[in-house]
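For reference, the structure discussed in these notes is given below.
The values are calculated or read from the model by the stated rules, or taken from the named source; none is laboratory data. Just so you know, these numbers come straight off a predicted model, no measurement behind them. Reconstructed Cβ throughout: ideal geometry from the backbone, glycine too, with neighbour counts over all protein chains shown. Only protein heavy atoms, including side chains, enter the accessible area calculation; ligands, DNA and RNA are left aside. Shrake-Rupley method; radii C 1.70, N 1.55, O 1.52, S 1.80 Å.
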Amino acid sequence: PEAAEITALADTTFTEEKLAAELAYLNRPSARGFERPYGWGWLMYLHHEAARHGDTAWGERLEPLARAFAARLRDYLGI
(Lines give C-alpha, C1' and ligand atoms only; values in the text may rest on other atoms or scores of the structure.)
Protein backbone atom coordinates (compact mmCIF):
# COMPACT_ATOMS: atom_id res chain seq x y z
CA PRO A 1 0.00 0.00 0.00
CA GLU A 2 2.98 2.35 0.44
CA ALA A 3 4.28 1.84 -3.10
CA ALA A 4 2.76 5.03 -4.55
CA GLU A 5 4.14 7.16 -1.72
CA ILE A 6 7.59 5.57 -2.02
CA THR A 7 7.58 6.07 -5.79
CA ALA A 8 6.64 9.73 -5.42
CA LEU A 9 9.39 10.26 -2.84
CA ALA A 10 11.99 8.55 -5.04
CA ASP A 11 10.91 10.63 -8.03
CA THR A 12 11.45 13.86 -6.10
CA THR A 13 14.65 12.66 -4.40
CA PHE A 14 16.52 11.00 -7.26
CA THR A 15 16.55 14.00 -9.60
CA GLU A 16 19.50 14.77 -11.82
CA GLU A 17 20.03 18.09 -10.05
CA LYS A 18 20.05 16.65 -6.54
CA LEU A 19 22.31 13.76 -7.47
CA ALA A 20 24.71 16.08 -9.30
CA ALA A 21 24.94 18.14 -6.10
CA GLU A 22 25.72 14.97 -4.12
CA LEU A 23 28.44 14.00 -6.61
CA ALA A 24 29.94 17.50 -6.45
CA TYR A 25 29.96 17.28 -2.65
CA LEU A 26 31.65 13.88 -2.82
CA ASN A 27 34.29 15.16 -5.25
CA ARG A 28 35.57 17.80 -2.83
CA PRO A 29 39.18 17.09 -1.79
CA SER A 30 38.14 17.05 1.86
CA ALA A 31 35.51 14.34 1.25
CA ARG A 32 37.85 11.42 0.48
CA GLY A 33 36.79 9.52 3.60
CA PHE A 34 33.19 10.74 3.68
CA GLU A 35 30.87 7.96 4.90
CA ARG A 36 33.57 5.33 4.35
CA PRO A 37 32.91 2.44 3.87
CA TYR A 38 29.38 1.80 5.15
CA GLY A 39 27.73 4.74 3.42
CA TRP A 40 29.50 3.80 0.21
CA GLY A 41 28.11 0.27 0.35
CA TRP A 42 24.65 1.59 1.18
CA LEU A 43 24.64 3.89 -1.85
CA MET A 44 25.88 1.15 -4.18
CA TYR A 45 23.14 -1.18 -2.96
CA LEU A 46 20.57 1.57 -3.37
CA HIS A 47 21.74 1.95 -6.96
CA HIS A 48 21.46 -1.81 -7.45
CA GLU A 49 17.86 -1.81 -6.21
CA ALA A 50 16.93 1.33 -8.15
CA ALA A 51 18.34 -0.13 -11.37
CA ARG A 52 16.00 -3.11 -11.00
CA HIS A 53 13.09 -0.75 -11.62
CA GLY A 54 13.54 -0.42 -15.37
CA ASP A 55 10.35 1.58 -15.66
CA THR A 56 12.01 4.51 -13.83
CA ALA A 57 15.17 6.55 -14.37
CA TRP A 58 16.33 6.08 -10.76
CA GLY A 59 19.14 3.64 -11.49
CA GLU A 60 20.43 5.65 -14.42
CA ARG A 61 20.45 8.83 -12.35
CA LEU A 62 22.20 7.15 -9.40
CA GLU A 63 24.83 5.46 -11.56
CA PRO A 64 27.43 8.28 -11.63
CA LEU A 65 27.34 8.51 -7.84
CA ALA A 66 27.50 4.72 -7.46
CA ARG A 67 30.48 4.53 -9.83
CA ALA A 68 32.28 7.25 -7.87
CA PHE A 69 31.75 5.35 -4.63
CA ALA A 70 32.80 2.06 -6.26
CA ALA A 71 36.06 3.63 -7.43
CA ARG A 72 36.73 4.96 -3.95
CA LEU A 73 36.00 1.56 -2.44
CA ARG A 74 38.46 -0.13 -4.84
CA ASP A 75 41.11 2.40 -3.83
CA TYR A 76 40.30 2.00 -0.14
CA LEU A 77 40.58 -1.78 -0.35
CA GLY A 78 43.71 -1.62 -2.50
CA ILE A 79 42.34 -3.79 -5.29
Kindly list the number of the only condition in (1) within 28 Å of G78 (Cβ to Cβ); (2) open to solvent by 80 Å² or more (accessible area, probe 1.4 Å) that fails for E2. (1)
Qualifying position, being open to solvent by 40 Å² or more (accessible area, probe 1.4 Å) and not charged (D, E, K, R), among A57, A24: A24
Taking the stretch 27-57 and keeping residues over 15 Å from Y76 (Cα atoms) and touching a residue at least 40 places away in the same chain (Cβ under 8 Å) leaves N27, A50, T56, A57
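Is it the case that the stretch 66-73 has a residue that's assigned to a helix (DSSP H, G or I), basic (K, R) and modelled with pLDDT under 95?
First, pick out the residues of the stretch 66-73 that are assigned to a helix (DSSP H, G or I): 66-73.
Of the ones still in play, those that are also basic (K, R) are 67, 72.
From what's left, modelled with pLDDT under 95: 72.
Yes: one or more hits.
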Would you point out which residue out of E35, E63, E17 is of a type outside the set (S, T, Y) and within 9 Å of the chain's Cα centre (by Cα)? E63
Can you tell which of E16, E63 is touching a His at 6+ places or on another chain (Cβ under 9 Å) and of a type in the set (D, E, K, R)? E63
Across the stretch 27-47, the tally of residues that are open to solvent by less than 100 Å² (accessible area, probe 1.4 Å) and part of a helix (DSSP H, G or I) stands at 9
First in the stretch 58-79 and aromatic (F, W, Y), second anywhere and assigned to a helix (DSSP H, G or I), Cβ under 6 Å, 6 or more apart: W58/A10; W58/A50; F69/W40; F69/L43; F69/M44
